[in-house]
Amino acid sequence: MINPSITDVKALSIPMKKVLVFGTFDILHPGHLYFLREAKKHGEHLTVVVTPASVVKKLKGKAPMFGEAHRVATVKLMSFVDRVVLGDRTLSSFTILKKYKPGVICFGYDQGTLAKYVEAYYKKSSLKGLLFERSREPTFIRLKPYNQQKHKSERLKKLLSGEEVCLRCRI
């Protein structure tokens, strides 16, 4: 029988539910904070994978404004984030998934293509059993946006560069 006074998860030998998210996190804004907090609600341990600049350039056609070290350091400042790692430099290699074996992978509302690639990666029969926490496929969750018109990273970059005018802000 389990002693009811024991509250430490590790003492009970119950594995933590590990959550993993991906992102560029170039200009950190309230939408990112919302995304990360919502992801954390799905487990006890949140790992944030920051996309390397070379991969961002391949996917978006341009490099991020800030370097990898800056983006990683910025995300590390959030007290509710348990681990921040730089992602794979090879597109679609997903060695990060093998290393951290998440039980849950959360995707942002605008990460549909990434979600399809990750789900397809897990469905390959040769990988079954190698990647899964507790011998099962992770749960895939698509999170809702947070005020996406106001806090979309690309829009904020345009405002900062002067390409777009914020009528409400009178900039």
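The values are calculated or read from the model by the stated rules, or taken from the named source; none is laboratory data. Just so we're clear, the structure is a prediction, and the values are computed from it rather than from any experiment. Glycine also receives a Cβ, built like all others from the backbone with ideal geometry; neighbour counts cover every protein chain displayed. Heads up: the accessible areas ignore ligands, DNA and RNA and are worked out on the full protein's heavy atoms, side chains in. Shrake-Rupley method; radii C 1.70, N 1.55, O 1.52, S 1.80 Å.
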Cβ pairs under 9 Å, 6+ apart, first in the range 66-78 and in contact (Cβ under 8 Å) with a residue 24 or more places away in the chain, second open to solvent by 40 Å² or more (accessible area, probe 1.4 Å) and in a helix (DSSP H, G or I): 78/33; 78/37
Would you confirm whether any residue within the range 16-36 is part of a helix (DSSP H, G or I), open to solvent by 50 Å² or more (accessible area, probe 1.4 Å) and without any contact (Cβ under 8 Å) to a residue 12 or more places away in the chain? no
Checked against (1) within 24 Å of residue 139 (Cβ to Cβ); (2) touching an Asp or Glu at 6+ places or on another chain (Cβ under 9 Å), residue 66 satisfies every condition except (1)
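For (1) at pLDDT below 90; (2) loosely packed, with under 13 Cβ neighbours inside 10 Å; (3) assigned to a loop (DSSP other than H, G, I, E, B); (4) aliphatic (A, V, I, L, M), each residue gets a yes or a no:
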position	(1), (2), (3), (4)
69	no, yes, no, yes
79	no, yes, yes, no
88	no, no, yes, no
98	yes, yes, no, no
102	no, no, yes, no
106	no, no, no, no
113	no, yes, no, no
121	yes, no, no, no
131	yes, no, yes, yes
Could you list, in sequence order, all residues of the range 50-77 that are among the hydrophobic types (A, V, I, L, M, F, W, C) and out of contact with any Lys or Arg (no Cβ under 9 Å at 6 or more places or on another chain)? 59, 66, 69, 72, 73, 75, 77
Residue under question is residue 21, and the condition is that it be more than 18 Å from residue 93 (Cα to Cα) and either among the small types (Gly, Ala, Ser) or at pLDDT 95 or above (or both); does it hold? no
For the range 38-55, enumerate the residues that are closer than 22 Å to residue 98 by Cβ and not in a loop (DSSP other than H, G, I, E, B). 39, 45, 46, 47, 48, 49, 50, 54, 55
Filter the range 38-52 for residues that are free of Cβ contacts under 8 Å to residues at least 60 places away in the same chain and touching a Ser or Thr at 6+ places or on another chain (Cβ under 9 Å); which is least open to solvent (accessible area, probe 1.4 Å)? 50
